[in-house]
Amino acid sequence: MSDQVDHKERYISGAPACPGIVIGNASLYQRVRPHISDTQIADDEVEDHIHKFYEALDIAEDELEILLKNTDMEDLSDLIQMQIAILKDPELHDRVEQEISANNKPVDSAVESIFRNYLQVIRENHGETFQNKSVDISDIRDRLLQIIHNKGDEIKEGTILVAQEMSPREIISFSSRDIKGLITDRGGATSHAAIIARSMNIPTVVGAKRATEIINSDDEVVLDGRNGEVIVYPKNETRQKYESLIEQQSKRQADFESLCKKPNKTSDGKPFTLQANIEFAEELSIANKYQAQGVGLLRTESIYLSRKHFQNIDHQVAFYTSILELTAPHQVTIRLFDVGGDKFFGDEEKEQNPFLGWRGIRMLLEQPELLKNQLRAIFKTSGSFMGRIRILVPMVSAMDEIRKLKNIIGEIQEELISEGINIDKNIPLGLMVEVPSVALKANLFARHADFLSIGTNDLTQYVLAVDRGNERISNLYDQRHPAIWWLIKEVAEAGERNKIPVSVCGELASDPIAASCLMGLGIDTLSMNAVVLPSVKQMLRSYSHAEMQQLAKKVLQAETLDDIDNLFSNWETKG
Ligand code: PEP
Ligand code: MG
């Protein structure tokens, strides 16, 4: 541990990627590439260097096989299998051998130069998808070079890993060394590495910009994965504060495990349904652990954006199938691509007001092939999972959009049936309530939908005229604003009048007290990030439905956010 006297406590802010608090010593991980020899070897050393190459291949392959055995994540298995295939490629073997024997290159230099060519060939064959592939190929080259140089990574057991960035392979391999937490300079909460860390429940902060410059190996660090905070050289009082939080956390964790087995009922027996919002299959391990009753929101856009091949129908079918298999027997609500706003393909013209622009259903109706392919994939998948899929439409603002969409759905159903494909003809069609026009005319929209799902993230930005991503006005963005509660009440009533289910899938549902208030307004299905499922469940089980209705009544009478804050702070969790 570093000398506490010499150092001042320091805070670094990043993005929370997996909740949990840990205190420990840092291990700085630098993906150093060993220095490559530039000398030539003698003829009698050739055999020895070729032997070293095959030895390194065997070690790297064994490591990958172990990882493969220990992962049930489909994306990651694909990646590891691709890396194993590279190691087994006879052309790679021949060329490295050739480079060593014909050019008298030492083994590291031969590997380095053959991989350089390899990357070049891949770039020529794969064009735009090269970026992702190149990361994984460079990763395996670096591992080979580390083995050849007999370089360990100096990561100590039980430490907090600090790195510029991490590949999924690295996270999985370090997790076997009891890594306590992860801090990276780069990456966002939805990066693949962050999702994998989350699925392994390793407290993680990403995008902590200069962490690797500020933190040295062995420094004492507090990592708070709930809010993305990292504290280096904590003062005694800071450490004590976090130690007691950790104690509470582990008590809560033990409570959560027994809580998950209990029924989803309020204290007076009213049932409720808690579902997960997910983007990647990897997130299902935590959702299943916390007994999510299906997926209330499957966001499809980031997978679409990160993998151009997702435009291929078979890939989409495989993705939806994997989600449905992992969530049986529950429902999965697939949201149509919500591209636009802040999520772009990259080749569109930049808009002045992207959040008020060409996004969600507006964009899909003007890109019929994109929409039709997604619908084809969903209906093709549905035949094997009758009654389990629901379709959710993002960014609806006008009735006309629904009419047009229903015509296209009819066309796709007929097309697939005429091809003899087995489909679920009764997939419920739901609308996101996230644009004020839909909330204000909820009664009308409810007549033309099978269910409504309130997206409070966008509804708040549109109702309050506050860009949800603009830090300058973030103090004005609060989903608990009185106007939002009033609109939610209207939507809940419209659902009841038209006998269709209404749920909430925006962030408001992840706040346990807000969730109680939503129940009080008659919304008993909530969908949220899986990590908060236990705390919401605990709160909903602690109160009676009548008490929640009382809370909702008071919230609806509140005039200001402060009034709502006061009501919420008087609402405690009962044991
Ligand atoms: C919402 O707007 O509340 C929502 C759930 O959708 P997203 O956050 O993906 O826009
Ligand atoms: Mg939205």
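The values are calculated or read from the model by the stated rules, or taken from the named source; none is laboratory data. These numbers were taken from a predicted model, which means no experiment stands behind them. All Cβ positions, even for glycine, are placed from backbone atoms using ideal geometry, and neighbour counts span all protein chains on display. Heads up: the accessible areas ignore ligands, DNA and RNA and are worked out on the full protein's heavy atoms, side chains in. Shrake-Rupley method; radii C 1.70, N 1.55, O 1.52, S 1.80 Å.
Under the convention that each Lys and Arg Cβ holds +1 and each Asp and Glu Cβ holds -1, the size of the dipole of the chain around its Cα centre is about 2820 debye.
Computed with a 1.4 Å probe over protein heavy atoms only, the accessible surface of the range 270-569 comes to 40 Å² per residue.
Other residues with beta-carbon under 10 Å from the beta-carbon of Val502 carry, at +1 per Lys or Arg and -1 per Asp or Glu, a net charge of -3. In terms of its C-alpha gyration tensor, the range 270-569 comes out prolate, because a/c is 1.5 or above and the ratio a/b outweighs b/c. For Lys105, the lysines whose Cα falls under 19 Å of its own Cα, not counting residues fewer than eight places away in the same chain, are Lys52.
About the Cα centre of the range 270-569, what is the dipole size in debye to 20, counting +1 per Lys and Arg Cβ and -1 per Asp and Glu Cβ, all else neutral?
Working: 31 positive and 38 negative charges, 159 e Å.
I would put it at about 760 debye.
Taking 0.36 nm per residue of separation and subtracting the current Cα-Cα distance, fully stretching the chain between Lys251 and Asp89 would add 53.3 nm.
At a 10 angstrom cut-off on C-beta neighbours, averaged per residue, how do the peptides 502-511, 531-540, 378-387, 419-428 rank from highest to lowest? Walk me through the numbers before you get to the answer.
Details: 502-511: 24.9, 531-540: 21.7, 378-387: 19.0, 419-428: 13.9.
For the peptides 502-511, 531-540, 378-387, 419-428, the packing ranking is 502-511, 531-540, 378-387, 419-428.
Relative to one another, the C-alpha centroids of the range 255-294 and the range 499-575 are positioned 16 Å apart. Rg over Rh for the range 45-149 works out to 0.98, using Cα positions for both radii and the Kirkwood form for Rh.
From helices alone, the chain scores -15500 deg cm²/dmol at 222 nm; the rule is -39500 (n - 2.57) for each run of n ≥ 4 DSSP H residues, then divide by the residue total.
Surface composition of the range 410-499: carbon plus sulfur atoms hold 46% of the accessible area, using a 1.4 angstrom probe and ignoring ligands, DNA and RNA.
Just want to confirm a number: the relative contact order over the chain, from Cα pairs under 8 angstrom separated by 6+ residues, in percent. Write out the running numbers ahead of the final one.
Details: 1006 pairs, mean separation 79.6, N = 575.
After rounding, I find 14 percent.
Checking the cross-link pairs Lys404/Lys441; Lys489/Lys537; Lys372/Lys537; Lys69/Lys289; Lys441/Lys554; Lys404/Lys425 against a 26 Å limit on the alpha carbon distance flags Lys372/Lys537 as lying beyond it.
Compared with the dominant principal axis of the Cα atoms in the chain, helix 533-542 is inclined by about 30°. Using the alpha-carbon positions of the chain, Rg (one decimal) and Dmax (whole number) come out as 26.5, 89 Å. Amide H to amide H, with H built 1.01 Å from N, Asn529 comes under 5 Å of Asn277, counting only residues 5 or more places away or on other chains.
For Lys156, the lysines whose Cα comes closer than 16 Å to its Cα, not counting residues fewer than 8 places off in the same chain, are Lys180. For the range 51-111 versus the range 365-397, the inter-centroid distance based on Cα atoms is 40 Å.
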